[in-house]
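To keep things clear, I will list the structure first and then write my remarks on it.
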Amino acid sequence: MDFAIGGYLLLIFGTALNLLVALGLLVYGIIYTSKSDTCHQSIGIMMINIPIAILYAVIGINII
């Protein structure tokens, strides 16, 4: 039970951290327009993890 709760908290903190990084990349891409394409690609790669995170959340909720 503690393992499931710890994993769920890790998921929540990981989501918050990923959102901060995505926001930082977006701001960096706006400031340095020459790096805009690279920043958007990096954000796109990070967004691939969203379905995996949703799957982990569903599994975690069902365990609890």
Only listed residue being open to solvent by 80 Å² or more (accessible area, probe 1.4 Å) and in contact (Cβ under 8 Å) with a residue 12 or more places away in the chain, chosen from ILE45, ILE5, ILE61: ILE61
Matching residues, segment 37-64, being of a type in the set (Gly, Ala, Ser) and outside any helix (DSSP H, G or I): none
Residues (among the hydroxyl-bearing types (Ser, Thr, Tyr) and either open to solvent by less than 80 Å² (accessible area, probe 1.4 Å) or assigned to a helix (DSSP H, G or I) (or both)) located in segment 8-34: TYR8, THR15, TYR28, THR33, SER34
Unmet requirement for LEU20, which otherwise passes all of (1) modelled with pLDDT under 85; (2) aliphatic (A, V, I, L, M); (3) within 15 Å of the chain's Cα centre (by Cα): (1)
All positions within segment 13-49 that are out of contact with any helix residue (DSSP H, G or I) (no Cβ under 9 Å at 6 or more places or on another chain) and closer than 23 Å to ILE61 by Cβ: PHE13, ALA16, LEU17, LEU19, ILE48
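The values are calculated or read from the model by the stated rules, or taken from the named source; none is laboratory data. All figures in this text were calculated on a predicted structure; none of them were measured in a lab. Positions of Cβ are backbone-derived with ideal geometry, glycine not excepted, and every protein chain shown enters the neighbour counts. These area figures cover heavy atoms from the full protein model, side chains too; ligands, DNA and RNA do not enter into them. Shrake-Rupley method; radii C 1.70, N 1.55, O 1.52, S 1.80 Å.
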